[in-house]
Amino acid sequence: MNASQRRRMLLVLALTAASGLATCLVALALQRNVAYLYTPSEVLRGEAGQMRFRLGGMVAKGSLQREPGSLVTWFTVTDGDAQLRVRSEQVLPDLFREGQGVIVTGQRKDDYFVGTEVLAKHDETYMPQEVASKMGKAHQKHAVQAPSTPGTLAEGTPP
């Protein structure tokens with residue numbers, strides 16, 4: 001191998017190493033910013049862990065409480081099967097209200113969830129696809145089959 005071939009080989013190896021390093025750094029940066037979506041049922045079963053994640057569901061009616069003189073707001077997110085209290089110090093969106101869909105980004109702390117970002121749905125007919133599918137799966141898993149009588153279908157059976 002002559003000198004020019006050796007230089008070319010070192011250049012190719014250096015470029016390969018640099019692109020591998022850049023790929024690793026990008027993957028690590030993206031991994032830190034990923035926030036997975038969980039329902040209250042999944043969080044309470046321990047599937048979410050202590051990492052940063054998104055909590056999705058409906059704001060339970062009658063659960064909204066504001067601390068006087070501060071931005072601290074407490075509310076409960078439910079998926080129909082389980083409920084999880086949420087504490088937020090953020091300014092809530094205009095469309096945020098009880099009985100509406102919500103996605104809250106943050107971390108679980110002890111027996112409640114600390115929200116750092118609150119997103120509310122934009123109208124009364126829309127629910128984020130991720131939340132709707134997660135809530136539907138949770139209800140399918142926990143559906144109780146009732147004995148069917150003539151002319152009726154048991155819950156969870158197709159028509």
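Just to be sure before I move on: is MET1 over 26 Å from TYR112 (Cβ atoms) and in a loop (DSSP other than H, G, I, E, B) in the structure I sent?
Details: over 26 Å from TYR112 (Cβ atoms): yes; in a loop (DSSP other than H, G, I, E, B): yes.
In short, yes.
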Quick one: would you say GLN100 is assigned by TED's automatic domain parsing to the domain that holds SER133, over 22 Å from SER133 (Cβ atoms) and over 13 Å from the mean Cα position of the chain (by Cα)?
-> no
If only one of LEU92, LEU84, LEU44 is surrounded by 12 or more Cβ atoms within 10 Å (Cβ to Cβ), farther than 20 Å from LYS121 by Cβ and touching a strand residue (DSSP E or B) at 6+ places or on another chain (Cβ under 7 Å), which one is it?
-> LEU44
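Take the residues in the stretch 45-70 that are among the aliphatic types (A, V, I, L, M) and modelled with pLDDT under 90, then tell me which one is nearest to the chain's Cα centre (by Cα). Let's see the steps before the verdict.
Step one: of the stretch 45-70, the residues among the aliphatic types (A, V, I, L, M) are 48, 51, 55, 58-60, 64.
Restricting the remaining residues to those that are modelled with pLDDT under 90 gives 48, 51.
Working: ALA48: 9, MET51: 11 Å.
Only one residue fits best here, namely ALA48.
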Scan the stretch 47-77 residue by residue and report those that are in contact (Cβ under 8 Å) with a residue 40 or more places away in the chain and either in contact with a strand residue (DSSP E or B) (Cβ under 7 Å, 6 or more places away or on another chain) or within 15 Å of GLY99 (Cβ to Cβ) (or both).
-> ALA48, GLN50, ARG52, PHE53, ARG54, LEU55, GLY56, GLY57, MET58, VAL59
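The values are calculated or read from the model by the stated rules, or taken from the named source; none is laboratory data. Being a predicted model, the structure only gives us computed values, none of them experimental. Neighbour counts run over all protein chains shown; Cβ positions are idealised from the backbone, glycine included.
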